[in-house]
Amino acid sequence: MHDLAPIADFVFQHQREAREMGRLTNQWPGLTVEDAYRIQALVVDRMIAGGDRLVGWKMGLTSAAKQRSMGVAEPIYGRLTEGMELAEPVLPLAGTIHPRVEPEVAFVFKRALGGSAVRPRDVWLATECVLPAFEIIDSRYENFSFTLVDVVADNASGCRFYVGEQGFSPYACSWADVGVVVKKNGEVVQAGAGAAVLGHPVRSVVILTQMLARIGAEIEPGMVVLTGGITEAVHLAAGDRVDIVFDQLGTIPLRVTP
Ligand code: 0L1
Ligand code: MG
């Protein structure tokens, strides 16, 4: 049994300074997934103590391919804070290590949603709107290489996120069928559809509520949930322009600056 506070201090410092670290599981063998979620929460407590605010949740490992590569059957979740949100689709590389971008669908909630028995239709009733979004993931581990425990403790690689300006009714379309193309410097580098996220992004929210119920937490009114990457993540470098084209729903033009 480890004292988790010094481990959380270690992760917090590496996240704050955007500094690479070795795997926690090498330095502190025996950590469990439950310990890792506790470390994640303690790290975010430190951010909040410094003036930040919890504004939502992110889901990760939501594609069959990512789950297979990590040897898991369940997605993971991370926490979103105000300080992680980009006001405009511009990513300064300063403050990151080796960032990648993922197109995602974001849900914003008007009502609290929680418990272990949430159904998809409960999600729709609690949702204010759905928006095209992107997440910047930036593992603090060397070479983006980690175990499940490591990545959970590192806030599921969460770094920054951006939510588009135009919100859509949850009923505007089938979010499983929404097509997304990612163009980097004019060239198509990824393509996918909402169904890549657990068959339908709404399932990601259902699973999140079940996972949060285990720790007595829930989605609160006003919170945003990033449901998971629709395509493989795309590597970013200074000067890149990445257009994330959501079929019928608009394009988010991401610029990467030094
Ligand atoms: O948001 C994500 O899907 C990332 C989950 C963590 C694994 C990774 O960094 O690829
Ligand atoms: Mg993601």
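The values are calculated or read from the model by the stated rules, or taken from the named source; none is laboratory data. For clarity, every value in this text was computed on a predicted model and none was experimentally measured. Cβ: placed from backbone, ideal geometry, glycine included. Neighbour counts: every protein chain shown. We work out accessible area using only protein heavy atoms, side chains counted, and drop any ligands, DNA or RNA first. Shrake-Rupley method; radii C 1.70, N 1.55, O 1.52, S 1.80 Å.
Table for the structure above
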{"quantity": "Arg111 being within 22 Å of Ile215 (Cβ to Cβ) and among the charged types (D, E, K, R)", "calculated": "yes"}
{"quantity": "Residue in the range 26-35 that is open to solvent by 50 Å² or more (accessible area, probe 1.4 Å), within 20 Å of the chain's Cα centre (by Cα) and touching a residue at least 12 places away in the same chain (Cβ under 8 Å) present", "calculated": "no"}
{"quantity": "Some residue of the range 183-196 being part of a helix (DSSP H, G or I), modelled with pLDDT of 95 or more and open to solvent by less than 10 Å² (accessible area, probe 1.4 Å)", "calculated": "yes"}
{"quantity": "Matching residues, the range 203-236, being more than 16 Å from ligand 2 (Cβ to nearest atom), part of a helix (DSSP H, G or I) and not small (Gly, Ala, Ser)", "calculated": "Val206, Thr209, Gln210, Leu212"}
{"quantity": "Hey, Pro92 of a type outside the set (D, E, K, R) and either within 16 Å of ligand 1 (Cβ to nearest atom) or farther than 16 Å from Leu148 by Cα (or both) or not", "calculated": "yes"}
{"quantity": "Neighbours by Cβ (under 8 Å, 6+ apart or cross-chain): first from the range 246-258, among the hydroxyl-bearing types (Ser, Thr, Tyr); second in a strand (DSSP E or B)", "calculated": "Thr251/Asp243; Thr251/Ile244; Thr251/Val245; Thr257/Val90; Thr257/Leu91; Thr257/Pro92"}
{"quantity": "Restricting the range 49-94 to residues that are open to solvent by 40 Å² or more (accessible area, probe 1.4 Å) and of a type in the set (Lys, Arg), the residue that is farthest from ligand 2 (Cβ to nearest atom)", "calculated": "Arg53"}
{"quantity": "Which listed residue, of Arg255, Arg203, is touching a helix residue (DSSP H, G or I) at 6+ places or on another chain (Cβ under 8 Å) and open to solvent by 10 Å² or more (accessible area, probe 1.4 Å)", "calculated": "Arg203"}
{"quantity": "Close pairs from the range 80-92: first over 20 Å from Ala238 (Cβ atoms), partner among the hydroxyl-bearing types (Ser, Thr, Tyr), Cβ under 9 Å, at least 6 apart", "calculated": "Glu85/Tyr162"}
{"quantity": "All positions within the range 153-177 that are over 13 Å from the mean Cα position of the chain (by Cα) and under 18 Å from Val242 (Cβ atoms)", "calculated": "Gly164, Glu165"}
